[in-house]
Structures are given as structure tokens and as C-alpha cells.
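A short write-up of the structure that comes next.
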Amino acid sequence: MTESHQDDSFLLACKMRALQLRAKLIQSIRYFFIQNNFLEIETPLRIPSPAPEEHIEAIRSENWFLQTSPELCMKRLLAAGYPRIFQISKCFRAAERGNKHLPEFTMLEWYVAQFDYHQLMDQCEAMLVAAFKDMGHDKNITRQNKEISLATPWEKISIAAVFNIYAPISLQQALHQDKFDEIMVEYIEPFLGIDRPTFIYDYPTQPAAPAKTKKSNPDVAERFELYIGGLELANGFSELTDADEQRQRFEEALKARTAKNWIHYEMPEKFLKILETVPQSAGIALGIDRLAMILADTDKIDDVVAFTPESL
Amino acid sequence: MFTASDLRKGLRIKIDNEPYVIIEFNFVKPGKGQALYRTKLKNMINGNQFERTFRSVDTFESADLREKKMQYLYKEGDKYCFMDNENYEQVYLTEDQVDDAKNFMTDNIEVEILLFEDKPIGISLPNFVELIVTEAEPWARGDTAAGSTKPVKVQTGYTIQVPTFVTEGEKIRIDTRTGEYLTRVKI
């Protein structure tokens, strides 16, 4: 055996505890959804065209693409009368690699008919509390030597309020100065969900393409994110079911993509055609790898997958 | 020319006409937002460090940096003089630019001078140098406690911790990266 073989086996063996935690986590999550009358779904990983998003680039597979998210097919099932569906699948996003990013990662996505985003936040909380409990974390979980309390209800706070607490400028100023993303990563995200898990909700309409806008305020999308220990774990929203509005947002995303020379996508016509028949519903995507990072108490996504692109 | 997605730890780039080295790097992407590249940069001329976040549309020139073998000649005031052995031209570095290297430089030692757009900005030494101990407390035989050390002065004036058995007039090898004693050398 050469030295590099030994090194490789050693590094993989070091990940055993994290991989055991990860496997148990996925079992616990599945158990919750089965207990709550959800149907587990598998949709194709290879699709003709992903939902156009300004900041997510797909990876090609022959003349099709690897999915960046399972949303288009999941919503077609919702429209066909499947009221509670979930899926745990691989998603692929080009050029996303960092301490918290892998270009191939595992996503849990679920949809509930007749739910709005606040009901979905509560269900997400219930699912995670059950999974944490299953994993031996009844009351709290330790992250980087700090206790995170899992006592319910978890914190819910609007994005505008979060800017007022942590950021040097207001949400409106940040949007006006085109600094929303920078302020989020530099001043806000590291402090979210540190004492207890935190849902941030009512995001500005711009960056949330498939989210319904609030009736009371068209500048706000019915969207939320969950943070635990400074880590962004999930993104959910009340589904937008207005096909005209969705088409317009897709067009804006396509235009923005063309402007920066990204891959050309077709307009997802099949999806737009059924969108009007999607019932009022809410959907959420949760990063399984990130959740495993919390359970394994690590800062590096590499620690919770057996193989990274670099190790192949 | 680099774009932000080419950035990585150790890369040297030019910003506002000065050379910087990336000492920390991370890819981040807030939910549904754009890719951002968080870096910690060190100015290679004055050593100042700061954090900066870039977008994928940001572009950078690579810093025109190269190293050239030169010989250390002498110190004059607070300037250090080096000679390019190819064309016999002399260049100068300030005390700040020479930094810790001065502890290990003896006359005529060969060093690498770091040039930014042909201007000297820094120095790198061989990893190991051999220097003579010029001042040391005598060794008391019997003082053999494992790991016990004492300070001695070497010919450059630098004070270094060495094992107690090292005596005045001996030559020792020093790792210039850590500034630590390695071994005695037979003269």
C-alpha cells in the first residue's frame, strides 16, 4: 500500500462518527415525515431546464442540466393533488465551493398544501425538535463550546428588525445602496441563531423569485430562513401561484443571467402552465449537510461528507 | 487578470497600485443572494492587514512580483544595502522592510530580494543560516536537565534560546522562518 492510500483511508476513517450522525439524522427526518403523513417523492436529477435564478448556475449534463433544486417537479405534483410531499435529493450548483458549500450537496425539500409560511416555520421547528431529540439533544446542542437552547418556541424576527439590531445601516438603505448581501454576510449572519435557533422572515421581494408577496405590503415576500449557530439552514416561502407574476420574475432572472453571460435557460413553460392549479401552499428547502455540521459541531462541510470533489 | 472566483489563499494581487497577498479566503453566499468572496489581505509593502469582500464581477491584476538573488553589503543609517550580482547595481531596503531578517544577515550573505514592478520591497533569507555565538554564559557541567535552555547572543546581535551546553565561539544553525536554534555546527 502506498502512503497516499494510507492517508486516504485514515482521513475517511476519521469521518466515521460524523457519517454515523449524518445517517441517523436522515433516518430521523424520514421518520418524522412518514409519521406526519407525507409521501416521499423522487424526481429526476437531470432536467431540461432549471427554474431561472439570477444567482444560481446549473451544471450541464449532455444537453440537459443537473437540478439546482427539485422545486419544478415537486410543484407539478402539488398541482396534481399531492398535498404533503417530501424529498431528500442531491442538488448541483456550479462554482459553489467554500467552508459551507459543496457543488454537489444534499437537500431536503418539502411542500404542504393549505399552509402559509408561518405554519411552515412551526412545522420546520417541530421536525427539527423531533430529529434533535432522536439524536440525543433534548434541551440544547453545543456549537463551538456554546450552548444553543432548543426550547420552543424558537425565535422569529423580521429581516427589517434584524438589520436594526446588527447592521450599521437599515434594510432600506442596504437595498438602496445595493449592499444587502454584503451586510448579511459581514454583520448579520454570524450572529443569527447563536443562543437559540432563529427564523428570519419577510424578506424584500427582489431576491426571492418563487415567493408570494404579502398582500399588506408588496415590497415584502412571504419568505423565511432558518439559522442555527450562525449557519443558514433552510429557506422557505408561501408559494407564488400567480403565473403572470412568476413569468415576469423568471424573465427578469433570465435577463440578468444573459447580462452576465451565464448559460441560457428555456422559460419553464410546462411549469408555468400548471402554476395556476397549484393550491395555496408553502414549501421549504433545508440543507442536510449543514444540519449535519451542527450535529457534528464542525465549521467545515467537508467533515460531514465522505468525499469532496477535491478528494476524488 | 483574475476574477474574484480565481482568488485563493496565498495569491498575490494588485489593488490601487500596491501588491497584496491573500492571507485568508472564504466563499460565501447568503440565502438566494449572490456569491461573495471574503478575504483578509496583507499589503506587501507596509504589512497592513484588512478584510474585504468581493463580488464575482470584480477583477484584479496580478501583482508583478519577482525575486532576485542579491548579496547583502552593509547597513548605512536605517538603510540596508544589497548588490545585484548580475549587474552590480545596488538597492536599498528600510529597517521595516528588512524586518526580522536583520537578525540573521551577515555581511556578503546571499539573499532573495522581492521586487514589485522592479522596486525592492522585501527580502527572503535561506531557510537556514549558520551564525557564531559571541556571548554566552559558561556551561556548568552537570546542568543537563532535559529541555533547559539559556539565552546567547550571536554575531548579528540577535539573542536566541539555545541548549545550555552551547558555548561562546561555537557556530550554530538557525531556522530563519521560526528564529529558533536547530543544532551546533562543527567549525
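The values are calculated or read from the model by the stated rules, or taken from the named source; none is laboratory data. What you see is a predicted model, and the numbers here were worked out from it, not measured in a lab. Quick reminder, even Gly has a Cβ in these numbers, built from the backbone with ideal geometry, and neighbours come from all protein chains shown. Calculation scope for accessible area: heavy atoms of the full protein, side chains included, ligands and nucleic acids excluded. Shrake-Rupley method; radii C 1.70, N 1.55, O 1.52, S 1.80 Å.
Using only helices, what value at 222 nm comes out for chain A when you add -39,500 (n - 2.57) per DSSP H run of length 4 or more and divide by the total residues, to the nearest 500 deg cm²/dmol?
Helix contribution divided over all residues of chain A: -10500 deg cm²/dmol.
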Treating only the Cβ atoms of Lys and Arg (+1) and Asp and Glu (-1) as charged, compute the dipole magnitude of chain B about its Cα centre; round to the nearest 20 debye. 960 debye
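For the interface of B with A, what's the total buried accessible surface in square angstrom, probe 1.4 angstrom, rounded to the nearest hundred? Write out the running numbers ahead of the final one.
On the way: alone 11330 and 15640 Å², together 25250 Å².
Counting both chains, the buried surface is close to 1700 Å².
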Take A:84, B:12 and sort them by solvent-accessible surface of the protein heavy atoms, 1.4 Å probe, largest at the top. B:12, A:84
Please compute the Cα-Cα pair-distance distribution of chain A with 10 Å bins starting at 0, giving whole percents from short to long. 6, 25, 35, 25, 7, 1, 0
Expected output for the stretch B:12-32, residues with a loss of 20 Å² or more in accessible area relative to the chain alone at probe 1.4 Å, reads B:26, B:27, B:28, B:29, B:30, B:31, B:32
Which of these, B:136, B:63, B:35, has the largest mean-square fluctuation under a Gaussian network model of chain B (Cα springs below 10 Å)? B:35
To the nearest 20 Debye, how big is the dipole of the protein assembly as shown about its Cα centre, given +1 on the beta carbon of each Lys and Arg and -1 on that of each Asp and Glu? 1240 debye
Under the Karplus curve 6.51 cos²θ - 1.76 cosθ + 1.60, θ = phi - 60°, whole-Hz ³J(HN,Hα) for the stretch B:129-136, x wherever Gly or Pro sits: 10, 10, 10, 8, 6, 9, 9, 7
Among A:159, A:254, A:216, whose Cα sits farthest toward the positive end of the charge dipole of the stretch A:3-311 (+1 at Cβ of Lys/Arg, -1 at Cβ of Asp/Glu, about the Cα centre)? A:216
Using a cut-off of 18 Å between alpha-carbon atoms, which lysines can reach residue A:270, once sequence neighbours fewer than 8 places away in the same chain are excluded? A:75
For the stretch A:246-253, Karplus-derived ³J(HN,Hα) couplings (6.51, -1.76, 1.60; θ = phi - 60°; whole Hz; x for glycine and proline) come out as 4, 4, 5, 5, 4, 4, 4, 5
In sequence order, calculated HN-Hα J values of the stretch A:100-116 (Karplus, 6.51, -1.76, 1.60; Hz; x Gly/Pro): 10, 10, 10, x, 10, 9, 10, 10, 9, 10, 9, 10, 9, 6, 6, 9, 10
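Could you please state how large a percent of the accessible area of chain A is carbon and sulfur, counting protein chains only and using a 1.4 Å probe?
Here it works out to 52 percent.
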Would you kindly find the accessible area of residue A:14, with a 1.4 Å probe and non-protein molecules such as ligands, DNA and RNA excluded, rounding to the nearest 10 Å²? 80 Å²
Computed from the beta carbon distance with a Förster radius of 30 Å, FRET efficiency for residue B:112 and residue B:51 to the nearest 0.05 stands at 0.55
Within straight-line cross-link reach of residue B:150, lysines at Cα separation under 30 Å, skipping those fewer than 8 residues along the same chain: B:75, B:102, B:171, B:186
Using a 1.4 Å probe and ignoring any ligands, DNA or RNA, find the accessible area of residue B:44 and quote it in Å² to the nearest 10. 40 Å²
Rounded to the nearest 10 Å², the accessible area of residue B:129 using a 1.4 Å probe with every protein chain kept is 10 Å²
List the residues, sorted by chain then number, that are 5 or more residues from residue B:122 or on another chain and whose placed amide H is less than 5 Å from its amide H. B:114
Most to least accessible of A:154, B:139 (protein chains only, probe 1.4 Å): B:139, A:154
Hits among aspartates and glutamates - C-alpha to C-alpha of residue A:300 under 17 Å, sequence gap 8 or more where chains match: A:96, A:104, A:189, A:232, A:289, A:310, B:24
Can you list residues from other chains, or at least 5 along the same chain, whose modelled amide H is less than 5 Å from the amide H of residue B:15? B:20
In chain A, with Lys and Arg counted as +1 and Asp and Glu as -1 at Cβ, which of these residues, A:36, A:234, A:267, has the Cα nearest the positive end of the dipole, that is, farthest along it? A:36
Please build a GNM for chain A, connecting alpha carbons under 10 Å apart, and tell me which residue among A:276, A:186, A:109 fluctuates the most. A:186
Can you list residues whose amide H is under 5 Å from residue B:53's amide H, if they're 5+ apart or on another chain and H is modeled 1.01 Å from N? B:39
Which residue fluctuates most in the GNM of chain B (Cα springs below 10 Å): B:71, B:49, B:97? B:49
